[in-house]
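The values are calculated or read from the model by the stated rules, or taken from the named source; none is laboratory data. Keep in mind that what you see is a predicted model, and the values were worked out from it rather than measured. Neighbour counts are summed over all protein chains in view; Cβ atoms, including those assigned to glycine, are modelled from backbone coordinates with ideal geometry.
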Amino acid sequence: MLRHWFPPGFSRAFWILFGGRLLNAVGTSLFFPFLTVFLHARLGISLTAVGAVLLLLAACQSVVLLFGGRLVDRFGRLPAIIVSLVAGGLLTVVAGLATAAPVIVAAIALRAMALVLANPASQALIADLVPAPRLLEAFSLARVATNTGIIIGPMLGAFLVSQSFTVLFLVSGVLMVAFAIGMGLLLGRESLPRLGTKTMERGLRHMLQVERPLYPFAAITALMYLVYSQLYWVLPGYLVLHLRAPAADFGFLAAENALFVVLLQVPLSRLVANIRLERVLAAGMIAYAIGFGSMGLWHQVWPFALSVLVITIGENLVNPSVTTWATLVSSPDHRGQALSLVSLANQVGSGAGPLAGGFALDQGGVWGLWGSIASLSALSAALFDRVSGRSHTQAT
């Protein structure tokens, strides 16, 4: 069991980052499940206005991801992580203590902008610390750390919010700052030296010319995240509004998804370690097609659990493979840009997903929704296989 969680061969620095990602995931997931309720209760605004605030946050994060990867490459991974989390933690505390609506909204928007860069920066740091043959396993372990934190965080958050929102925000902010300080003290040395201005200029040209495959790949990745977002944004409404199921049923399915990510991620990654990444990506999207496509057949929660299991298997195949592919196709001094582009694809796809799913359900009913999502999954499988395979051949 210990070899599942702590396989040999990784450096001490990697395991420090693993623990830090787990701690940070606890701190951030304390917060986000209750953000909608907080904005509605503290600001006294309608749910429509809350939706507008969330859209603002997504737009702000997209702008940072569009340009922030250059900063990760220019100034280094570790400084980006520390600045991101210290600023995000302090702004979380400000949002929890503030009473004026403009201050609260500004603090939450700036918090979102600060924190969004920590993930691609930490992924780039993992890529710097781990040799290429073990990248898939390393990114899989990083997902295990994050999902373990996401399992713990909301449960702890539910307890804290019963005390007050202020306590919730204070604990969340302190945990993020603690992660940042811990990374600075324990890692200390940056994984990549700072680059000069001329090197940075060459890097941007190289990103546009040599690494052009990243752009179609990112577009397909956005489509993949559009598909996956149906699990957390459209499925709850489908269960409650169309099947008249209790809301607690989706809570069970969400817990199942997180649990099987933790249990299956590393074994699945080891199983496919010697298979070309484009094949793994295509297989993961086929699992999405089967899992989402089968949802139109069910009327009780238990069969949905089977569909979610299949989707989770696909998720465990696709997500670390996307990060690994983007890392391998980019040069070391452009990893921050490459991984920020993947994070931006996540942001765009996840943001468009609820709109696409809601439209499909309204216009085409049950099979219009799940049939179209299954079709998009199959299309993504074909595109991943074509674009990733062709780019891999060119790179080698």
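Here are the numbers for the structure shown:
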| quantity | calculated |
| --- | --- |
| Any hit, segment 38-57, residues being touching a Ser or Thr at 6+ places or on another chain (Cβ under 6 Å), surrounded by 23 or more Cβ atoms within 10 Å (Cβ to Cβ) and either farther than 21 Å from ALA142 by Cβ or not aliphatic (A, V, I, L, M) (or both) | no |
| Filtered residues of segment 87-132 (kept if of a type in the set (A, V, I, L, M), out of contact with any helix residue (DSSP H, G or I) (no Cβ under 7 Å at 6 or more places or on another chain) and part of a helix (DSSP H, G or I)) | VAL103, ALA106 |
| Residue tally, condition of a type in the set (Gly, Ala, Ser), in contact with a Leu (Cβ under 6 Å, 6 or more places away or on another chain) and crowded, with 21+ Cβ neighbours inside 10 Å, over segment 339-355 | 4 |
| Conditions (1) over 17 Å from the mean Cα position of the chain (by Cα); (2) under 20 Å from GLY149 (Cβ atoms); (3) modelled with pLDDT under 85; (4) in a helix (DSSP H, G or I): number failed by ALA41 | (2) |
| Test: residue in segment 97-105 that is touching a Ser or Thr at 6+ places or on another chain (Cβ under 6 Å), surrounded by fewer than 18 Cβ atoms within 10 Å (Cβ to Cβ), among the β-branched types (Val, Ile, Thr) and without any contact (Cβ under 8 Å) to a residue 24 or more places away in the chain | no |
| Out of ALA248, ALA287, ALA273, ALA283, sole residue that is modelled with pLDDT under 85 and hydrophobic (A, V, I, L, M, F, W, C) | ALA248 |
| Count - residues of segment 143-193 that are part of a helix (DSSP H, G or I), polar (S, T, N, Q) and in contact with a Lys or Arg (Cβ under 6 Å, 6 or more places away or on another chain) | 1 |
| Residue within segment 314-324 that is touching a residue at least 40 places away in the same chain (Cβ under 8 Å) and in contact with a Ser or Thr (Cβ under 6 Å, 6 or more places away or on another chain) present | yes |
| In segment 281-298, the residues that are in contact (Cβ under 8 Å) with a residue 60 or more places away in the chain and not small (Gly, Ala, Ser) | LEU281, MET285, ILE286, TYR288, ILE290, PHE292, MET295 |
| Subset of segment 235-278 [of a type in the set (A, V, I, L, M) and farther than 30 Å from TRP325 by Cβ] | LEU239, VAL240, LEU241, LEU243, ALA245, ALA247, ALA248 |
| Test: residue in segment 71-78 that is under 22 Å from SER172 (Cα atoms), assigned to a helix (DSSP H, G or I) and in contact (Cβ under 8 Å) with a residue 40 or more places away in the chain | yes |
| Selection count where residues are farther than 12 Å from ARG111 by Cβ and either assigned by TED's automatic domain parsing to the domain that holds HIS334 or among the polar types (S, T, N, Q) (or both), scope segment 50-94 | 1 |
| Among the residues listed as VAL63, VAL50, VAL26, the single one being hydrophobic (A, V, I, L, M, F, W, C), over 15 Å from ALA112 (Cβ atoms) and in a helix (DSSP H, G or I) | VAL26 |
| Flag if LEU355 is assigned to a helix (DSSP H, G or I) and either at pLDDT below 90 or on the phi > 0 side of the Ramachandran plot (or both) | yes |
